[in-house]
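Read the figures in this text as sums done on the coordinates, not as results from a lab. This structure is a prediction, so every number in the text was calculated from the model and none was measured. Note that each Cβ is placed from the backbone with ideal geometry, even for glycine, and that neighbours are counted across all protein chains shown.
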Amino acid sequence: MRLPEPLPEGKDLARLALEMTTSDNPTRDSFLKERKRHRHRLRDAWRRLKKFRDMVFPSEFSRIVRRIEPFTMVGYDRLKGLYSGVIEITAKNITGDLVECGTAKGGSAGLMRLTAQATGQDRPLWVYDTFEGLPMPSRDNPDFDLAKARTGACRGDFEEVRGLFDSLGVLKNTQMIKGLFQDTLPQHAPEHISLLHLDGDWYESTKVCLDHLYDRVSPGGVIQIDDYGHWAGARQAVHEFLDARNLKVALRYLDYSGRQFIKP
């Protein structure tokens with residue numbers, strides 16, 4: 001059984017795209033300024049205090065995080081959002097499976113399923129990914145100049161991710177769907193979704209997931225977008241979709257990048 005290579009400790013994975021550009025690149029500078037605009041420093045400071053509390057007084061959440069943290073690029077507060085989302089759908093008896101679009105090495109998907117198991121109400125898990133890294137963004141992606149350098153990044157090998165799920169005890173009742181979202185989602189998707197985690201980075205990836213999966217999310221279900229504050233394309237896709245459907249939702253702030261909302 002192969003496991004994914006653990007991610008380097010202490011690495012600010014949110015800055016990986018910037019490492020491929022020069023410090024005097026105007027595109028890079030505007031990217032950083034826009035990213036800062038979506039940061040709420042007081043909320044971030046409060047969340048850092050809660051993270052410290054979790055480290056000093058271990059909780060069920062922190063114990064799960066320790067198991068999956070070497071295999072995820074998702075930040076601590078967004079992982080807490082997924083954990084809380086599973087707790088919420090369980091408490092409210094929301095119908096549906098767990099779905100993650102863009103899993104990389106599999107850690108955050110593993111957390112979702114481990115949390116469901118811990119509640120005593122396990123749910124099937126669907127994981128969608130190319131398992132070959134991020135695809136090339138389209139030219140109309142507002143982040144194209146930076147994003148193109150990320151092609152092939154966030155790669156998790158299919159068999160290694162499968163091995164991780166097996167080691168965590170979550171492989172059974174997990175569907176791993178390999179391919180581009182636009183090719184796989186129309187053919188393979190659960191009938192009902194209780195929690196939908198979108199981590200596809202690009203505009204087109206986020207938009208196609210919302211187009212194909214939103215209607216399958218049960219009312220009261222949780223939708224979490226990993227890249228809202230980090231990539232302009234993901235943000236654009238979310239608001240285009242909400243505006244087209246005339247949906248009024250409250251986007252919960254998780255950290256500078258992550259947002260979450262409840263399906264009306």
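Geometric descriptor of segment 25-262, per residue, is 125 Å³ (volume of the convex hull of the Cα atoms).
Legend: residue pairs Lys148/Lys172; Lys80/Lys105; Lys105/Lys172; Lys80/Lys248; Lys80/Lys207, Cα-Cα distance threshold 28 Å; pairs beyond threshold, Lys148/Lys172. The slack in the chain from Arg252 to Lys92, taken as 0.36 nm per residue of separation less the alpha-carbon distance, amounts to 55.8 nm. Sorted on the mean count of surrounding Cβ atoms within 10 Å across their residues, most packed first, peptides 92-100, 155-163, 219-227 read 219-227, 92-100, 155-163.
Each Lys or Arg adds one and each Asp or Glu takes one away; over the other residues whose Cβ falls under 13 Å from the Cβ of Arg139, this sums to -3.
In order along segment 168-175, phi translates into HN-Hα couplings of 7, x, 10, 5, 4, 6, 10, 9 Hz, rounded to whole numbers, per the Karplus curve 6.51 cos²θ - 1.76 cosθ + 1.60 with θ = phi - 60° and x for Gly and Pro. Taking every DSSP beta bridge that has both ends in segment 25-262, the antiparallel portion is near 25%.
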